[in-house]
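This report refers to the structure that appears directly beneath it.
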Amino acid sequence: MREALIDATMMLICVHLRPIFMFTLSKRRFVQLAGLTIANRILPNWLWARPFSPPEDSGRKVIIVTFGGGVRYSETFSPEGLKNIPQLAKMRAEALFFKSCTNAGVLSHFNSTASIITGNWQRVDDFGFQPPASPTLFEYYRKQTGVGPLDAWVIATNKSFSTMGAGSEREWGLPFGANVVLPKQLLLEAVDDVVKKNPQHGVANRDNVLHQLEVILNEGYEGVGWTIFKAGRQLDHHVHNTLTRGLIGFINGPEAPTSGDELTFFITREVMREFGPRLILVNFWDMDVAHWGSYSLYLQAITRTDRLTGMLWEEIRSNPNYKDKTTLLVLPELGRDGDLNTSSNGFLNHRSGDPSCRNVWLLALGAGITRGETDRPIQHVDVTATAAALLGVKTGAVSGKPIREILNQAA
Ligand SMILES: [Zn+2]
């Protein structure tokens, strides 16, 4: 429940802003402005430190998408749920579909996702105040291959994921971890600051809003929303300008993000286009709005996540840096409670531990994988063992097993 407060914050901020901005700024336009001014900010300092060109032939890549925030089989791949996920339904025609993927761990968003990305069931703080207790896939990958920090990213809507990029074990840890970007938090922080600094008047002016956001932006990159590796040298204006142009174009274009997950998708796509990283975890989370009790908002979020996942797959198929060498793994990090004992309101929470909460699915696509499906049960912790094998690295002691059907097909 507590995690959903972030969505509430977003809503409250928007509601709160309405009396101030309603005469000059629509919500969409305001998000555009706010987004525009965080464009610089979502690019870390170290990006300026070197001229950048994506690796030409980087071998296999893996993108893991948590179709996330908690979603049940009944609203997705059940016969009655398919209408909510037209893109995933289409993708299944070229995917290996695992009908039974089980989360046997703690049913919080952080622990569930950390279990996926470490290969061990995690029991750390539910809200991300502790990093995962065992090394992450990012650390195995970076330490063994020697690839740099541009090659491993976590892009997350969930605010509590800032520690998701590396575990707490001493011989691994942050030097080998992933860049963690929380795009929605950057936006919320910017909006919040504007509201606080302009309590009564003087903000119903678009230029003033823009100016205020730029002031926030110029305060530095080290606020909420980033856990990054720093190199601290001089700016590379070409990289800066290229990315900023792309961001502004997107934010002001027809695809302008109006939800946390849309912003997360957009940043993911920019990172893919500009840096071509070989390993990415994308955390979608909007559908956790279900905690607030609106079934229709929950369904809307599922359909939006479906659309964004479809767009991500399109990007993989059309981007020469990813096409034919990327394995995409899509799975909900957890389900939600069943309706049997809760008067049809099971969707509200994910704490019962019943099958509706634990039993979800996994879709694997790309890089040689052809259509198929299996009842063989797999688990969330199998993802790290599988991805490590795809990337050609070894894991430490993990409880998950490589998913042989994927490895057998992967080109
Ligand atoms: Zn939740």
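Every number here is computed from the coordinates shown, using simple stated rules; none is lab data. Every value quoted in this text rests on a predicted model; they were computed, and no experiment measured them. All Cβ positions, even for glycine, are placed from backbone atoms using ideal geometry, and neighbour counts span all protein chains on display.
A few notes on this one:
- Whole-Hz couplings from phi, Karplus 6.51/-1.76/1.60, listed for the range 364-378; x for Gly and Pro: 10, 9, x, 6, x, 6, 10, 4, x, 8, 8, 8, 4, x, 10
- Close amide H partners of TRP361, meaning residues 5 or more places away or on another chain with modelled amide H under 5 Å apart, are CYS101.
- When each of LYS61/LYS184; LYS143/LYS184; LYS61/LYS143; LYS83/LYS184; LYS323/LYS401; LYS184/LYS325 is checked by Cα-Cα distance, pairs over 21 Å: LYS61/LYS184; LYS143/LYS184; LYS83/LYS184; LYS323/LYS401; LYS184/LYS325
- Relative packing of peptides 164-175, 325-336 - highest average C-beta neighbours within 10 Å first: 325-336, 164-175
- Under a 5 Å amide H cut-off, with hydrogens placed 1.01 Å from N, THR326 pairs with LYS61, ALA367 among residues at least 5 apart or on other chains.
- Gain in span if fully extended, GLN409 to ARG376, counting 0.36 nm per residue against the direct Cα distance: 10.3 nm
- Peptides 372-381, 280-289 ordered by average Cβ neighbours within 10 Å, highest first: 280-289, 372-381
- Each of LEU82 and LYS323 was given a label point 7 Å from its Cα along the Cα-to-Cβ line. The distance between the two points is 3.0 nm.
- When each of PHE97, PHE266 is scored by the number of other beta-carbon atoms lying within 10 Å, the sequence from fewest to most is PHE97, PHE266.
- Using the Karplus relation 6.51 cos²θ - 1.76 cosθ + 1.60 with θ = phi - 60°, the per-residue 3J(HN,Hα) values for the range 130-138 come to 10, x, x, 7, 10, x, 8, 3, 4 Hz, with x marking Gly and Pro.
- Across the range 273-283, rounded Karplus estimates of 3J(HN,Hα) from the backbone phi angles (6.51 cos²θ - 1.76 cosθ + 1.60, θ = phi - 60°) give 5, 8, 10, x, x, 8, 9, 9, 10, 10, 9 Hz, Gly and Pro being marked x.
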